[in-house]
Structures are given as C-alpha cells and as structure tokens.
1. In region 1-129, with Lys and Arg counted as +1 and Asp and Glu as -1 at Cβ, which of these residues, Ile89, Ser26, Ser123, has the Cα nearest the positive end of the dipole, that is, farthest along it?
2. Over the chain, with the other protein chains present, what is the accessible area per residue in square angstrom, probe 1.4 angstrom?
3. Between rounded, prolate and oblate, where does region 43-83 land on the alpha carbon gyration tensor, with a ≥ b ≥ c its root eigenvalues, rounded for a/c under 1.5, else prolate if a/b exceeds b/c?
4. Ordering Arg80, Arg69, Arg29 from largest to smallest accessible area (1.4 angstrom probe), what's the sequence?
5. Ranked from the most accessible area to the least, with a 1.4 Å probe and all protein chains present, what is the order of Ile102, Ile89?
6. Given region 2-63, report the % of alpha carbon pairs whose separation exceeds 16 Å.
7. Round to the nearest 10 and report in Å² the accessible area of Leu21, as given by a 1.4 Å probe over the protein chains' heavy atoms.
8. In the chain, what % of DSSP beta bridges are antiparallel (nearest 5)?
Amino acid sequence: PIVLNQVQLSLLSTQPLDSGLLAVCSELRIQPVAYSPLALGALSGKYSANRLPKGPRGLVIRQVLAGARELTQTVDEVARARGKSPAQIALNWAMCKGAVPIVGCRSVAQVDENLGACSFTLSGAEVAELDVAARQVRQPATQNVFMTD
C-alpha cells in the first residue's frame, strides 16, 4: 500500500493544499511528507533583500522574497509573539497542515532550532493568518520542474 506522499509544501509553495491533494491524502490515510518546507531558506528568517546566499539559490530567494514581503512580515510577527524563530513557525505551519517536514540541517544549532518547531502548535487563528498572507504572495516558490500533472 501507499503510505507516504512526498510533496513540495511551504508557505511559499501551497500547491498540494490548493489542488486538494492533502485532503485526499488525509481521506486515504496517506502521510504527506513536505520537502523544502523552508523554501530553500527563504522562510528561515536568515535572508532578506540585503542579505542573500551566494550563487543560484540567492537569485531564487531574491525573486521569491520580492513578492512575499507581507508573508515574511506575518511569519516574523507570529514568531515574535510566540518567542519562536521564523523557521519554527514555517515548519509548524506545515505540521498543522498534516505534513511531516523534511529539513536539511548543516549544524547542531540548526537541528536544535528545527526541533523547536515540535514544541508547540500554532493556533487556528495563527494558521489562518499565515494562510491569508501565503495567498497574497506574488511570486511563489517554483515547483519542482520534475513534477507533472
């Protein structure tokens, strides 16, 4: 039987929600596994228009952040109110949608920060606020080019 479905899911890539795929997974008891839940780091809180990673990833993040100012502000506001990091908010949002996020960690500090996303649950109002901000993103994250309809 199929028990897992790996999907690109983040506040900047909501296609699995918008298409109804996550609802079908829930009905069929298939666990969605969210890859790129921090949108290549764009939702980590580490980057801004003036502070970008080098190389192609920096170009992608620059484009995405330009159209996501309201979303990143909302993530930051929720993070401050909760005493959490933006990355923890973005990861917890994916968990609230029923997904298990896959995160890449390059340091022990990142492991600790990401695990902190498991120490709380966003309220329904917080999830709704983030959903509204995500729908207003002008330049969502590019979907994996190998995904097909």
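1. Ile89
2. 57 Å²
3. Numbers: a/c = 3.33, a/b = 1.98, b/c = 1.68.
Taking the square roots of the gyration eigenvalues as a ≥ b ≥ c, region 43-83 is prolate.
4. Arg29, Arg80, Arg69
5. Values: Ile102 75, Ile89 0 Å².
Heavy-atom accessible area, descending, gives Ile102, Ile89.
6. Details: 970 of 1891 pairs.
Across region 2-63, Cα pairs with separations above 16 Å total 51 percent.
7. 60 Å²
8. Taking every DSSP beta bridge with both residues in the chain, the antiparallel ones total about 20 percent.
The values are calculated or read from the model by the stated rules, or taken from the named source; none is laboratory data. Everything quoted here is computed from the prediction, not taken from an experiment. Don't worry about glycine lacking a Cβ; one is built from the backbone with ideal geometry, like all the others, and counts go over all protein chains shown. All accessible areas refer to the heavy atoms of the entire protein, side chains included, with ligands and DNA or RNA removed. Shrake-Rupley method; radii C 1.70, N 1.55, O 1.52, S 1.80 Å.
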